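Everything below concerns the one structure shown next.
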Amino acid sequence: EAQVTQNPRYLITVTGKKLTVTCSQNMNHEYMSWYRQDPGLGLRQIYYSMNVEVTDKGDVPEGYKVSRKEKRNFPLILESPSPNQTSLYFCASSLTGVTPGANVLTFGAGSRLTVL
Amino acid sequence: AQTVTQSQPEMSVQEAETVTLSCTYDTSESNYYLFWYKQPPSRQMILVIRQEAYKQQNATENRFSVNFQKAAKSFSLKISDSQLGDTAMYFCAFLGRFGAGTRLTVKP
């Protein structure tokens, strides 16, 4: 089944304890992206990657890191989480084409992160 | 910078009625694609409909259709014959950016 898999789905952690949210897709998509969803703010893009070894900041990159060493994986790293990073996180992927943003995003199921 | 604005935080509609969700955006691009995604209580993000800016004809998918006004940079979603399963958050999106969402409740 074509899908984007995120783990963990739920996580409660404490301020300053490094954590990684994994994301993997099995559709051979070039483009991958991370979003956070907060009430009243919709989905805001954290980082995105157009292909392996190519990553770029989205609108809210502060406090996050990413890497794209393999095409299928795009982990999100919080080096020193803070309470304002408590949120619902989504990973998404798509093919790329001639026109940027033309392709439909396939989303993971979401990861609910709470930082105490 | 590209922005997406949804000005209706919440809406409700009676089952079988029609409802329209609004979206405006800002861009200097000439060709682009616009999307509506649905997020039911399960939290899964699901594509509803896609529109290419170069196409004059409004996209339609069964009970879902759009009213795309390129000059006005407006992209509204019309849901006909609303069903209880349409209850969800709806997000307008383009170029990787999403609006704040509209929470739609379909009432029996």
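Here are some notes:
- Positive-end residue of B:106, B:83, B:51, charge dipole of chain B with Cβ unit charges: B:51
- Relative to one another, the C-alpha centroids of segment A:39-64 and segment B:5-27 are positioned 26 Å apart.
- Exposure proxy order (Cβ contacts within 10 Å, fewest to most) of B:17, A:1: A:1, B:17
- Rg then Dmax, both in Å and based on the Cα atoms of chain A: 13.5, 43.
- Rounded D (µm²/s) - chain B, Kirkwood Rh over Cα pairs, Stokes-Einstein at 20 °C, 1.002 mPa s: 155
- Normalised by the number of residues in chain A, the average gap of Cα pairs under 8 Å and 6 or more apart makes the relative contact order 35 percent.
- Dipole magnitude for chain B: about 160 debye, using +1 per Lys or Arg Cβ and -1 per Asp or Glu Cβ, origin at the Cα centre.
- Charged neighbours of residue B:13, selected by a Cβ distance under 15 Å, balance to 0 (K, R count +1; D, E count -1).
Values quoted throughout were computed directly from the atomic coordinates according to the rules given, and no laboratory measurement underlies them. Model, not experiment: these values are computed from the prediction. Neighbour counts are summed over all protein chains in view; Cβ atoms, including those assigned to glycine, are modelled from backbone coordinates with ideal geometry.
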